[in-house]
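Q: The structure is given below, and queries will be raised subsequently.
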Number of protein chains: 2
Amino acid sequence: MTLALWRSHLAGTLHRNRSLPVSRYLQLATVRTDGRPANRTVVFRGFLDDTNQLKFITDIRSQKVEEINVYPWGEICWYFPKTREQFRIAGQLVLVGAEHPDLALCSSRRRAWQEISEAARVQFAWPRPGANRAVSSAFEPVAPDAIEPLSNFCLLLLEPETVDLLELRGEPQNRLLYGRDGEGNWSVRELNP
Amino acid sequence: MTLALWRSHLAGTLHRNRSLPVSRYLQLATVRTDGRPANRTVVFRGFLDDTNQLKFITDIRSQKVEEINVYPWGEICWYFPKTREQFRIAGQLVLVGAEHPDLALCSSRRRAWQEISEAARVQFAWPRPGANRAVSSAFEPVAPDAIEPLSNFCLLLLEPETVDLLELRGEPQNRLLYGRDGEGNWSVRELNP
């Protein structure tokens, strides 16, 4: 697999924004089971090995997992305040839970668990997200194992199909649309902003 | 109309983040005509008079207008890095174009046009957004009138129905869900983060 055309641009953007931890926060839109859009902040966890797939993590008990199980498509909107660039990346979403049949992905899930902080891991031992607020003692579980993920820990992958890049710097702004054909080859064209 | 419960919280958040112009940027998710989610950054332009409706502006030629005409529902995700708060606000979207039958909304549209900068107004005289890139001279139109909006200028309103507020500060984090009943009364309950 060759790295997609847009990867070098995004790598440069991430590098120029590296001083801001918030530049790894982005917004993921999905479609709810009732057909309405949903939108929430997620944290970029890097690319999956040598693929173009973006990694995130989530709790299998969260609303978005239910949505993705019904309709596995998402669009992220990633705005970088320092360089004033916006990446809109749309594609298929893949959930990698404890029972995933692909062994390589299962080991990526385990590595993702090992790479997050203990504070992040402990949240997966908290009561069900989005349920009525539990008593405070429920938020003081014993720290989970640092090697083997809890069963509700999910790796979430986005396999990009289009990347719509807007550079707000410049007058007029630049806008590029990257797209992938059936064979996985990427092309790019310039659009009006 | 009374101000919704969540308004005072959002007002406080906006005040505490007022030093960052980027705190008026947020991400709006809609559903595309093919059923897939769409997500892009928009700029908050304040509330409509004494209502709870959030104001944005857009170009009638943009993709999102086509989407909203088919399915007028949106969810914004608004993350404030300084105070580490996230507001997810879902509700009906209302487009106010040149031909809108409500005269009060037409005059709000005109005021919105007058309140934006000349640089923002001139963008509405640029070639069609999202089309293949036009020659550079097409991006140097005469400055449009500062009083009467161009016909493709749209006011976009979001009428909130639910507000899901997550405060990342605190251990565990706080999460509140505000909802509106059929009579327009707001209630709130505490959820697990």
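Bear in mind these aren't lab numbers, they're just calculated from the coordinates by the rules spelled out. Keep in mind that this is a model prediction, so the values were computed, not measured. Using ideal geometry, Cβ is built from the backbone for each residue, glycine included, and neighbour counts are taken over all protein chains shown.
Q: Compute the longest continuous run of chain A that contains no exposed GluC sites (Glu not before Pro); treat a site as exposed when its DSSP state is not H, G, I, E or B and it has at most 10 other Cβ atoms within 10 Å. Please report the intermediate quantities before stating the final value.
A: Working: sites that count: A:E99, A:E183.
The longest uninterrupted stretch comes out as A:1-98.
Q: Okay, next question. For the charge dipole of chain B, defined by +1 on Lys and Arg C-beta atoms and -1 on Asp and Glu C-beta atoms about the Cα centroid, which residue among B:G97, B:Q63, B:S151 has the Cα displaced farthest towards the positive pole?
A: It is B:Q63.
Q: Nm distances between the label at B:P72 and the same-position labels in the remaining copies, 7 Å along Cα→Cβ, shortest first?
A: Values, ascending and in nm: 3.6.
Q: On average over all directions, what projected area in square nanometres does the protein assembly as shown have, based on the convex hull of its Cα atoms?
A: Numbers: hull surface 80.6 nm².
Across all orientations, the protein assembly as shown yields a mean hull projection of 20.2 nm².
Q: Turning to a different aspect of this structure: When the helices in chain A are scored as -39500 (n - 2.57) per DSSP H run of 4 or longer and the sum is shared across all residues, what 222 nm value do you end up with, to the nearest 500 deg cm²/dmol?
A: Working: 4 runs with 38 residues, N = 193.
Calculated from helices alone, the mean residue ellipticity at 222 nm is -5500 deg cm²/dmol.
Q: Between the DSSP loop rule and a limit of at most 15 other Cβ atoms within 10 Å, which trypsin sites (Lys or Arg not before Pro) in segment A:133-193 are left?
A: Details: sites: A:R133, A:R169, A:R175, A:R180, A:R189; in loops: A:R133, A:R169.
Qualifying residues, ordered by number: A:R169.
Q: List nothing, just return the count: lysine pairs in the protein assembly as shown, 8 or more apart or interchain, with Cα separation under 26 Å.
A: Qualifying lysine pairs in the protein assembly as shown: 10.
Q: Would you mind checking the tilt of helix A:5-16 against the longest principal axis of the Cα atoms of chain A, expressed as 0 to 90 degrees and rounded to 10?
A: So the helix axis and the longest Cα principal axis differ by about 70 degrees.
Q: Further, regarding this structure: How far is the Cα center of segment A:123-148 from the Cα center of segment A:16-35, in Å?
A: A separation of 24 Å, based on Cα centres.
Q: Restrict the search to segment A:36-91; then list the trypsin sites (Lys or Arg not before Pro) that DSSP places in a loop and that have at most 15 other Cβ atoms within 10 Å of their Cβ.
A: Details: sites: A:R40, A:R45, A:K55, A:R61, A:K64, A:K82, A:R84, A:R88; in loops: A:R45, A:R61, A:K82, A:R84.
Loop-located and lightly packed - A:K82, A:R84.
Q: 7 Å along Cα→Cβ for the label point: how many nanometres lie between B:Q92 and each equivalent label in the other copies, listed shortest first?
A: 3.8
Q: In addition: Mean projection of the alpha-carbon convex hull of chain A over all orientations, in nm²? Kindly include the intermediate steps, with their values, before the conclusion.
A: On the way: hull surface 51.2 nm².
Averaged projected hull area, Cα only: 12.8 nm².
Q: Could I ask something else about it? Could you give, in nm with one decimal, how far A:E171 is from each other copy of that position, shortest first, with labels 7 Å out from Cα toward Cβ?
A: 4.8
Q: Along its principal axes, what span do the Cα atoms of segment A:36-110 show, with the longest given first and each in whole Å?
A: The Cα atoms of segment A:36-110 stretch 40, 33, 18 Å along their principal axes.
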